[in-house]
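Participant: Let me give you the structure first, and then I'll get to my questions.
The values are calculated or read from the model by the stated rules, or taken from the named source; none is laboratory data. Given the structure is predicted, the values throughout are model-derived calculations rather than measurements. Cβ placement follows ideal geometry from the backbone for every residue including glycine, while neighbour counts extend to all protein chains displayed. Heads up: the accessible areas ignore ligands, DNA and RNA and are worked out on the full protein's heavy atoms, side chains in. Shrake-Rupley method; radii C 1.70, N 1.55, O 1.52, S 1.80 Å.
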Amino acid sequence: MNAPVIARLRKAALVGNPNAGKSALFNALTGARQKIANYPGVTVERKAGRLMMPDGVPVELIDLPGSYSFDATSPDEEVTRALVHGEFAGEVQPDVMVLVLDAANLEQHLVFAQEVIELGRPTVVALNMVDLAQRDGLTLDPDALGEALGVPVVPTVAVRRKGLTELIAAIAVAEANFEADSSAHPRPHLTLPERRLAARNIAKAAILSVSATRQFHTGLDKILLHPWLGPPILFALLFVIFQAVFAWATPFADALEGVAGWLSDMVMVILPAGLFRDFLTEGVIAGVGSVVVFLPQIIILFAFILVMEATGYMARAAFIMDRMMAGVGLSGRSFIPLLSSFACAIPGIMATRSIADPKDRLTTILIAPLMTCSARLPVYGVVIAAVIPNVKVWGAVGLQGLVLFALYVAGIVGAMVVALVLRRSVTAGQASGFIMELPRYQMPRLRDLAIGLWQRAWVFLRRAGTIIFAATVVLWLLLTFPKAGPGESQLDASFAGHVASGLHVAFAPIGFNREMTLALVPAMAAREVAVASLATTYAVDSDDELQTEQALRDQITARWSLPTALAFLAWFVFAPQCLSTIAVARRETNGWKWPAFMLAYLFALAYVFAGITFWSATALGL
Amino acid sequence: MLWQRSGMKLEALERGAPARIISVDWSAIAPEEGKRLRALGIDRGTQITIAHRGIFGGKDPLAIVIGRMTIAIRRVHAAAMSVEPL
Ligand SMILES: Nc1nc2c(ncn2[C@@H]2O[C@H](COP(=O)(O)OP(=O)(O)OP(=O)(O)O)[C@@H](O)[C@H]2O)c(=O)[nH]1
Ligand SMILES: [Mg+2]
């Protein structure tokens, strides 16, 4: 084609109420893999992708946070408002609006829809979730809806990729019309009550029939939101998750450990003794390998979280937790970011954008790192496996899983106490309310779960291959040079050993040994590095080859006392050892003040609690 | 009956009983939250049912049903709304 140089790509934006399926549609149209989940407020920033049009010219498609109104109340809604009005920094106003509506909740979604249509931009409606509408016994007439709204309407099922071709065609038409006549046609603005009335009438006209079907989710909610049954069910579920993380992962983790051992053997056989062989066995296999063996546990943890998110249970958990959160001056709205932080504090801190109250949001950001993220799992896992016997208590409960659960609870309790204190001091303000839509339940789709798990596993492995690998290699070099003279231990002679001895002065009072102290330094990059560096340190420090190959777990069993090991666990409940978290906290709070505060208070807590743990365990004679 | 006309607080409404909001004291609700409630369709004239109330015998939060939607709110919001049972 010899078309003249196109000034810029055409741009279309996905707008609509939260949880309408915008991101699902975005993924289906662009092949992207944005997070989708069944609760409102999943997407909190703009994301761009490319949509190939039938004529071969791509359109820039933008996924936006869901919004109930252009009168924004939370930071994520503000992103949508600004972008749609062409006020977003560095971004021109989209040419076409793709308005995504939930077919099973038209009356509500049509209110904001009118606000979008009033903008006068070319608009196409994706009448999404028609499958759910059907499940709820609704028969809809898309043409009648289109007639009433004055814009084309295309029925879609984003997650089954239905209606996509028609939707793309409609976008193409809207875009072409816009080019032909590029002046916007703003429509008369209605007031909210007027819009609401219109929405009711339009919905009535578009719904052909309503057959009474048993509403599956009301039945489920009777149990899951039951005042006395709901909370125990939630706690039992959380408990099962942590038991499963240990119990189910063991065979897979053992297999991975076997592979690492075999690799190490192979290297020993193939390569001549020397620096390079040591580098591979001590640095790469012992170090990075010791982290990678936690892949099965990470996958199990994420599988539970993803199922909770996809079914719609997450919003119910927020409902149940609201009372407790209110007790410390927060709301159930903070619960979802905090629960996301169990996976990783970074998306958790991002997710706070859906919290309207700034003080609430800041408090949630500050306590998010206290939620036990998956990066702590390798640290907890290896230390627990090394010092806590694998026995059953009370019949069927694994002691190791119980200790893990206790560490998670310690993080949660710590977070609650900190929130309570913060809300009375630095983030004092009016207690805020809790207003949240509870989405309909859905069966999780296996494909989405598999993709979600694969993404998380990939992120974990990529971290192992980059940041953890790099930190481990540097540490190995510092541990290997200068070479020890005869009769001297390598650790004592090495550069890292000297650093560790210096730092150890500060950490000896709380029971840390020199290797642990050393591990804390590279672990500033990411917590898992602590495990990799311990493994490398012990591998370098071992006198003979047999010992080098010993799993880190056995090394710890042999070398650490119980109080020391427990103090190390307590340290990691609090310590903010993650550069990315600090960076994202800086971005989300617009400055260094709050991340600095976060670092200071968390390190102080870590030190104090590790100390208390060590001293009391010692006093108890453990 | 007069007491019904003047309405009862939503807070006091029985679970599962349909009602209509006849007035909302917006001054008792934080402005941003009022905005959010209105955007969700909670306003004078809305038909409403309480589906769930509180946990462990407490009264917070509430899950209310409007049309085809379930929304969690707090008791302070419910206390600001007067309803008439239908
Ligand atoms: N049954 C069905 N489920 C859908 C459809 N589209 C999306 N979903 C599901 O609806 C939920 C919400 O989808 P998202 O794409 O995350 O919604 P969103 O509009 O991006 O939500 P926010 O980012 O919170 O504004 C997810 O659980 C999806 O799997 C659909 O057409 N049919
Ligand atoms: Mg989204």
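Participant: Between the stretch B:1-77 and the stretch A:411-486, what is the C-alpha centre distance in whole Å?
Facilitator: Taking the Cα centre of each part, the stretch B:1-77 and the stretch A:411-486 sit 37 Å apart.
Participant: Oh, and also: From zero up to wherever the largest Cα-Cα distance of the protein assembly as shown sits, split into 10 Å bins and tell me the percent of pairs in each.
Facilitator: Percent of Cα pairs in each bin: 3, 14, 22, 22, 17, 12, 7, 3, 0, 0, 0.
Participant: Take the solvent-accessible surface of the protein heavy atoms, probe 1.4 Å, and return the percent of it on the stretch B:3-85 that carbon and sulfur atoms account for.
Facilitator: Heavy-atom surface of the stretch B:3-85 belonging to carbon and sulfur, 1.4 Å probe: 49 percent.
Participant: Let me ask something additional. For the stretch A:10-210, what is the per residue volume of the convex hull drawn over the alpha-carbon atoms, in cubic angstrom?
Facilitator: Per-residue hull volume (Cα only) is 111 Å³.
Participant: Sort the stretch A:404-486 into rounded, prolate or oblate with this rule: let a ≥ b ≥ c be the square roots of the eigenvalues of the Cα gyration tensor; rounded if a/c is under 1.5, and if a/c is not under 1.5, prolate when a/b is larger than b/c, oblate otherwise.
Facilitator: oblate
Participant: Then there's this: Taking every DSSP beta bridge that has both residues in the protein assembly as shown, what percent is antiparallel when rounded to the nearest 5?
Facilitator: 65 percent
Participant: Something else about it: For chain A, give the percent of accessible area contributed by carbon and sulfur heavy atoms, probe 1.4 Å, rounded to a whole number.
Facilitator: Answer for chain A: carbon and sulfur cover 66 percent of the accessible area.
Participant: Which whole number in µm²/s is D for the stretch A:101-171 by Stokes-Einstein, with the Kirkwood Rh taken over Cα pairs at 20 °C and 1.002 mPa s?
Facilitator: Roughly 174 µm²/s, to the nearest whole number.
Participant: On to the next question. With the convex hull built on the Cα atoms of the stretch A:53-162, state its orientation-averaged projected area in nm².
Facilitator: So the mean shadow area of the Cα hull is 8.0 nm².
Participant: Could you let me know the centre-to-centre spacing of the stretch A:558-622 and the stretch A:216-287, using Cα atoms, in angstrom?
Facilitator: 23 Å
Participant: Using only protein heavy atoms and a 1.4 Å probe, how much accessible area in total is buried between B and A, to the nearest 100 Å²?
Facilitator: Adding both sides of the contact gives about 3100 Å².
Participant: Right, something else. For residue A:210, put the label point 7 Å out on the Cα→Cβ axis and report which residues of the stretch A:435-469 keep their amide N under 17 Å from it.
Facilitator: Those under the cut-off are A:440.
Participant: Still on this model: Just the number please: accessible area per residue for the protein assembly as shown, 1.4 Å probe, all protein chains included, in Å².
Facilitator: Spelled out: the 1.4 Å probe surface of the protein assembly as shown, per residue, equals 41 Å².
Participant: Do any of A:35/A:593; A:22/B:59; A:22/A:359; A:204/B:59 go past 32 Å between their Cα atoms, and which?
Facilitator: Distance filter (> 32 Å) returns A:22/B:59; A:204/B:59.
Participant: Hey, another quick one. Hey, what did the stretch A:298-424 get for relative contact order, percent, Cα under 8 Å, at least 6 apart?
Facilitator: 23 percent
Participant: How high is the FRET efficiency from residue B:23 to residue A:397, r the C-beta distance, R0 35 Å, rounded to 0.05?
Facilitator: 0.10
Participant: Suppose we compare each residue of the stretch A:396-441 in its chain alone and in the full protein complex with a 1.4 Å probe; which ones drop by at least 20 Å² of accessible area?
Facilitator: Correct list: A:432, A:433, A:434, A:435, A:436, A:437, A:438.
Participant: Tally the DSSP beta bridges in the stretch A:1-155 and give the antiparallel ones as a percent, rounded to 5.
Facilitator: Bridges in the stretch A:1-155 that DSSP calls antiparallel: roughly 25 percent.
Participant: Under the rule that an exposed site lies in a DSSP loop and has at most 11 other Cβ atoms within 10 Å, name the longest stretch of chain A with no chymotrypsin sites (Phe, Trp or Tyr not before Pro) of that kind, not counting the sites themselves.
Facilitator: Answer - A:395-622.
Participant: Short version: what are the Cα gyration tensor semi-axes of the stretch A:298-424, square root of 5 times each eigenvalue, largest first, in whole Å?
Facilitator: Here the semi-axes work out to 27, 16, 14 Å.
Participant: Taking Cα centroids, how far is the stretch A:516-537 from the stretch A:289-323 in Å?
Facilitator: The two parts, judged by their Cα centres, are 26 Å apart.
Participant: Just flag the chymotrypsin sites (Phe, Trp or Tyr not before Pro) in the stretch B:1-77 sitting in loop per DSSP whose Cβ has no more than 13 other Cβ atoms within 10 Å.
Facilitator: Filter output for the stretch B:1-77: B:56.
Participant: Also: Give me the net charge for the shell around residue A:375: Cβ to Cβ below 14 angstrom, other residues only, Lys and Arg +1, Asp and Glu -1.
Facilitator: The answer is +4.
Participant: Still on this model: How much length, in nm to one decimal, is gained on full extension between residue A:262 and residue A:277, taken as 0.36 nm per residue of separation minus their Cα-Cα distance?
Facilitator: The span from residue A:262 to residue A:277 would gain 3.9 nm if fully extended.
Participant: Any chance you could check the stretch A:76-110 for residues losing 50 Å² or more of accessible area when the partner protein chains are in, compared with the chain on its own (1.4 Å probe)?
Facilitator: A:108
Participant: Based on the Cβ-Cβ distance from residue A:450 to residue A:135, what FRET efficiency comes out when R0 is 22 Å, to the nearest 0.05?
Facilitator: 0.40
Participant: Residues of the stretch B:32-49 that become at least 40 Å² less accessible with every protein chain present than in their own chain isolated, using 1.4 Å: which are they?
Facilitator: Hits at the 40 Å² cut-off: B:32, B:33, B:35, B:36, B:39, B:40.
Participant: How high is the relative contact order of chain A? Use alpha-carbon pairs under 8 Å, at least six apart in sequence, and give a whole percent.
Facilitator: Relative contact order of chain A: 12 percent.
Participant: Okay, moving on. Quick one: compute the contact order of the stretch A:10-210, relative version, from alpha carbon pairs under 8 angstrom and 6+ residues apart, as a percent.
Facilitator: Answer for the stretch A:10-210 is 22 percent.
Participant: So what's the Cα pair-distance distribution over the stretch A:460-572, bin width 5 Å, in %?
Facilitator: The calculated distribution, bin by bin, is 2, 12, 21, 25, 23, 13, 4, 0, 0.
Participant: Which values, in whole Å and largest first, are the semi-axes of the equivalent ellipsoid of chain B obtained as the square root of 5 times each eigenvalue of the Cα gyration tensor?
Facilitator: Semi-axes from the Cα gyration tensor: 17, 16, 13 Å.
Participant: Using only the Cα atoms of the stretch A:343-402, construct the convex hull and provide its projected area averaged over every direction, in square nanometres to one decimal.
Facilitator: Computed as one quarter of the Cα hull surface, the answer is 5.5 nm².
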